[in-house]
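All remarks here apply to the structure that follows.
Just so you know, all these numbers are worked out from the coordinates, no wet-lab data involved. What you see is a predicted model, and the numbers here were worked out from it, not measured in a lab. Neighbour counts are summed over all protein chains in view; Cβ atoms, including those assigned to glycine, are modelled from backbone coordinates with ideal geometry.
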Amino acid sequence: MDLTREQALKLHREMWGDMQKELGDNAHSWERVEFKIKWCKKHFPNETIYAHCFLCEYTIDESGKGDCNRCPILWGSEKRLETYYCSGRENDYTSVPISQILALPEKEVSE
């Protein structure tokens, strides 16, 4: 799936907004993962979306690998360590309130 930055951000917010409406602001990690899988299959049945995440899908390079450095969202600790930007940090997508995920700022676009 070839996404622009704007499309990835829009779909990210749409999916997480739907998740918040359906599961509430503090859904369990397994509920979030399950919701992402089902949401992607429902809305894009003929696509494979990397990690069921439109931001991750956007970061895929020519070799087919995702690159967290290209993620358009500021997750907090942007220094890559043992884990991905979106998990294992202060804004871990598996545990923080969904409203917090939806409020995360975008990275500045460098031309």
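Net length available on complete extension from His28 to Met1 is 6.9 nm, with 0.36 nm assigned per residue and the Cα-Cα distance removed.
Here the Debye sum runs over all C-alpha atoms of the chain as equal scatterers in vacuum, and log10 of I(q)/I(0) at q = 0.11, 0.20 Å⁻¹ comes out as -0.32, -1.16. Exposure proxy shown here: for Asp67, Asp61, the number of other Cβ atoms within 10 Å sets the order, fewest to most, as Asp61, Asp67.
Sorted ascending by nearby beta carbons within 10 Å, beginning with the fewest, Leu104, Leu74, Leu11 become Leu74, Leu104, Leu11. Exposure proxy ranking for Thr48, Thr94, based on other Cβ atoms within 10 angstrom of each Cβ and starting from the fewest, stands as Thr48, Thr94. Rounded to whole Å, the principal axis extents of the Cα atoms in segment 18-72 read 36, 26, 16, largest first.
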